[in-house]
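To start, the structure under review is shown below, and the notes come after it.
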Amino acid sequence: MNIANIRLPRQLEADSSAEAIRQVLISCAAKLMPGGKIDVPLIKWSGPLKMALQKARLQGRIRVGLESISEKLANESYGIKNAHQSSGATYGDRISRLLLFSNDGADRFYRHIEQLLEQNAPRLFGCKLNVDAGVLGQLILGKDKKIKIIMAEHKDVVSGVLRAIAAVNNDLQE
């Protein structure tokens, strides 16, 4: 997936922040893992990002764990395929789900992520966070439990998280 060509949620396209967000994502992109096929942004852990994720958690818009996320995406893909066949309309051509994962995973974990991103493109976009699973677990669950991967499940949450990522990066450039 070429980051320069991704289609962001409509609200970001409408308020003219989409291009700035794309540029931020491109500027911090690197291979998901050594020998990997996919580039993903490497995201700095920040206050605005934490706030956006906490808000999403309170709204019930965060899914936790690779197995749960994989199952949810498979069910959604099935639904999108059926909707497309019955109506002929195009679904899932822009980002509506955001996969966020820690930087302390094993190669096998990152291979699974790469597979999920490939299978669910372009509606699923992934970012590697510059934190370990303990920090992510503390934020999402509020206790000492490790979480390596979460998925933001709604376009409003995705937009909020992407805005938070871009805001921090723009502050660093000024």
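The values are calculated or read from the model by the stated rules, or taken from the named source; none is laboratory data. As the structure is a computational prediction, the values presented were derived from the model and not from experiment. A quick note on method: Cβ atoms are made from the backbone with ideal geometry, for glycine too, and the neighbour counts reach across all protein chains shown. Surface accessibility is based on the protein's heavy atoms, side chains included, excluding ligands, DNA and RNA. Shrake-Rupley method; radii C 1.70, N 1.55, O 1.52, S 1.80 Å.
Annotations
- Counting only lysines at least 8 places from LYS145 when in the same chain, those with an alpha carbon closer than 20 Å to its own are LYS50, LYS55, LYS128.
- Sequence-distant lysines (8 or more away, or on other chains) whose Cα lies within less than 19 Å of LYS72: LYS81, LYS148, LYS155
- Antiparallel bridges, percent of DSSP beta bridges restricted to the chain (to nearest 5): 60 percent
- Across the chain, the relative contact order, built from alpha-carbon pairs under 8 Å that are at least six residues apart, equals 32 percent.
- Spin-label model distance (nm) - ASN130 vs ASN5, 7 Å beyond Cα toward Cβ: 2.9 nm
- For ILE26, the solvent-accessible surface computed with a 1.4 Å probe is close to 70 Å², ligands and nucleic acids excluded.
- Three semi-axes describe the equivalent ellipsoid of the chain; taken as square roots of 5 times the Cα gyration tensor eigenvalues and ordered largest first, they are 23, 20, 17 Å.
- Full extension of the chain segment joining LEU58 with LYS146 gains 29.8 nm, where the gain is 0.36 nm per residue of separation less the Cα-Cα distance.
- Percent accessible area from carbon and sulfur atoms, segment 1-76, protein chains only, probe 1.4 Å: 50 percent
- Residue-count net charge about GLY35 - beta-carbon cut-off 14 Å; Lys, Arg +1, Asp, Glu -1: +1
- Compared with the direct C-alpha span, the chain from GLU67 to SER16 gains 14.8 nm at full extension, assuming 0.36 nm per residue.
- Note on segment 132-171 and segment 19-71: Cα centroid distance 7 Å, given to the nearest whole angstrom.
- Solvent-accessible surface of the chain, averaged per residue with a 1.4 angstrom probe and all protein chains in place: 52 square angstrom.
- Cα gyration tensor category, rounded, prolate or oblate, for segment 114-174 with a/c compared to 1.5: oblate
- Gyration tensor verdict on segment 11-76 (Cα atoms; rounded if a/c is under 1.5, prolate if a/b is larger than b/c, oblate otherwise): oblate
- Estimated FRET transfer efficiency (LYS50, LYS81; beta-carbon r; R0 45 Å; 0.05): 0.80
- Segment 101-174, relative contact order in percent, only Cα pairs under 8 angstrom and at least six apart counted: 30 percent
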